[in-house]
Amino acid sequence: MKKIAMMVAMLAGLLISGLSHATWNADWTQRVKINLNTAAEGLPIGSAVDSPAVLIRLHTGNFQFIEAKPDGTDLRFIASDDKTPIKFHIEKFDGLNELAILWVQVPKLEPGAKDAFVWLYYGNPDAVAGDDAKASYDAAQGLVYHFKEREALPQDATANVNHAASSTAKVIGTGLIGGALAFDGNAEMALPSTPSLKSGANGLTLSFWIKPADAADAPLYTQTEGAAPLSITMKGGKLEAQSGTLVATASAPLAVGSWQHVAVVVKDGLTIYLNGQEVAKASGSVADLSGAALIGKGFKGEIDELQVSTAARSADWIKTAALSQGQDQKLVTYGPAEGDGEGESGPSYLKILLDAVTIDGWVVIAILGVMFVVSFWVMITKTMLVNKAVKDNELFKAQFEKLVNSIRPGEQDAAVEKAEKAAAKAYRYSSLYRLYAAGAHELRERFSVYAKEGRAPTLTDPSLNAIRATIDARLVRELQRLNSQMVVLTISIAGGPFLGLLGTVVGVMITFAAIAAAGDVNVNAIAPGIAAALVATVAGLAVAIPCLFGYNYLQSKISELTSDMQVFVDEFITRIAENHSV
């Protein structure tokens, strides 16, 4: 028996340890799951992209800055195995304004991957800086300029240290990603001539984000060395790349005043990409290219995130860069913050409850949802109707004396019809006017009959009673109109909690049946099911309580209108008797 008990304990321990969440390092108390979606609804790619530097934007909506160090030195990126550190570097981290820009070297982006992700850890006050810009790019990346606002002379983020040789362009803090370089038509930036920027058998790729101020012709990139140097220009609003006699002209023009991603690949010819799409290609041989070049001489606009690679990047690589760095990117999404320290957001209790709701519970909740929508529609439309009726009744009361005294024998039918149409339009929502109209019509009909018979236009008691009966009939119809659909609210008030209770009882029954079948009786097994079952009761009360308030409010307003109509009927009949009876 002892051996069996020990084995059971060991198995339980292994099970618990397997089910418990293993984190990369207990010293980091917070983490965020960063999803990388390369499926159709994300950023679709056709082939794998190796070691791309992916842009990560952090802000208040996806990151708890209060839990991180003010300078971001406690940030760490870990692979999906929750073990392997990933190289990254920080372009900007502003803990005060809660904004950060980071670049993460993802090992590989596979096509059609919906569930790929990496972890972002933070929340260690004792951590030292862990970012490494030099290791965040592969060996082919010859130069990367982020144009940080603090850099008067653009600095290379790679290990090649290819800082700008000179620059007269203005560094601004309002670029697409962070900082940017602004050109006024006279400013320029010079790239250094170094071996790490020369093209060879692997080709060359130049990419940058551009925001032209106008469509005027201007050189964007001009190499100053080599037998057939590369130049990239704007001509007629379109991009043109040239090396020697080889020329490629884009089919689509650049949009003035908007950020666009431009890439030129040099290998077996020239290929131009605009916003991740190939727009021009010229096949042929291109001589080796040196790195020395001038950027922006004669150009008016802004340039951001300039990169030079001594390799011909694939179409999917360029597409990934273009469609993951813009404001409307769909590659990167952020999960909720997770943590075990003070001030953590912890698990989403609402998600836990909804995930545990059974099918029968969802059926009840769906019915309650329909009741909720219908009830609110009734309350809104009925409230609008009642309020309009009260308003128009007040307008009618001010004119009632004049209208009732205007009913005289011998009126012309055309004049009466015209007056009735005008009044019906003016008092469209007035229940009192409709009572008045019914009585006035009955009274005029009697005057018309009396005139044909040659009788005096005076009313007897039976005539007054007949007119009252007509008005009372109209009163009943008005009351029906005001109280129509109110039964929907009474059904929601009375039936909502009972439906919710039914869902809860069934859910509790299913929970205990499942526990009995599994033979696992513990609070962790019971609590989610019971809590989820109670969601149905909460849903029922959420339907009934607003409907109860709305029903009482509407009933009070309808009661006021009913009292007004009853008083009006007596007043109207009295006035008719005064004016037209002996």
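Quick notes
- Residue in the range 71-92 that is within 30 Å of ALA140 (Cα to Cα), open to solvent by 50 Å² or more (accessible area, probe 1.4 Å) and touching a helix residue (DSSP H, G or I) at 6+ places or on another chain (Cβ under 9 Å) present: yes
- Going through (1) more than 23 Å from ALA577 (Cα to Cα); (2) open to solvent by less than 80 Å² (accessible area, probe 1.4 Å); (3) modelled with pLDDT under 85 one by one, ASN483 falls short only on (3).
- Long-range neighbours under 9 Å by Cβ, at least six apart or interchain, first residue within 15 Å of SER430 (Cα to Cα) within the range 464-483, second open to solvent by less than 60 Å² (accessible area, probe 1.4 Å) and among the charged types (D, E, K, R): ILE471/GLU442; ARG474/ARG434; ARG477/ARG434; GLU478/ARG434; LEU482/LYS382; LEU482/LYS557
- Residue match in the range 157-167 (condition: open to solvent by 20 Å² or more (accessible area, probe 1.4 Å), under 34 Å from the mean Cα position of the chain (by Cα) and in contact (Cβ under 8 Å) with a residue 24 or more places away in the chain): no
- Qualifying positions in the range 257-274 - surrounded by fewer than 18 Cβ atoms within 10 Å (Cβ to Cβ) and out of contact with any Gly (no Cβ under 8 Å at 6 or more places or on another chain): GLY257, SER258
- Filtering GLU149, GLU240, GLU188 for residues that are free of Cβ contacts under 8 Å to residues at least 60 places away in the same chain and open to solvent by 40 Å² or more (accessible area, probe 1.4 Å) leaves a single hit, GLU149.
Yes/no matrix, rows are residues, columns are (1) on the phi < 0 side of the Ramachandran plot; (2) among the charged types (D, E, K, R); (3) not in a helix (DSSP H, G or I):
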| position | (1), (2), (3) |
| --- | --- |
| VAL373 | yes, no, no |
| PHE396 | yes, no, no |
| ARG408 | yes, yes, yes |
| LYS425 | yes, yes, no |
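- Any chance LEU289 is crowded, with 22+ Cβ neighbours inside 10 Å and either among the hydrophobic types (A, V, I, L, M, F, W, C) or within 30 Å of ASN124 (Cα to Cα) (or both): yes
- Test: residue in the range 431-453 that is outside any helix (DSSP H, G or I) and open to solvent by less than 50 Å² (accessible area, probe 1.4 Å): no
- In the range 330-381, the residue that is least open to solvent (accessible area, probe 1.4 Å) out of those that are among the polar types (S, T, N, Q) and at pLDDT 90 or above is SER375.
- ALA201 meets the conditions (1) at pLDDT below 95; (2) touching an Asp or Glu at 6+ places or on another chain (Cβ under 8 Å) in every case but one. The failed one is (2).
- Residue ID - nearest to the chain's Cα centre (by Cα), chosen from residues in the range 195-210 that are closer than 18 Å to ALA287 by Cβ and open to solvent by 20 Å² or more (accessible area, probe 1.4 Å): ASN202
The values are calculated or read from the model by the stated rules, or taken from the named source; none is laboratory data. Keep in mind that this is a model prediction, so the values were computed, not measured. For neighbour counting, all protein chains shown are included, and Cβ atoms are generated from backbone atoms with ideal geometry for every residue, glycine included. Heads up: the accessible areas ignore ligands, DNA and RNA and are worked out on the full protein's heavy atoms, side chains in. Shrake-Rupley method; radii C 1.70, N 1.55, O 1.52, S 1.80 Å.
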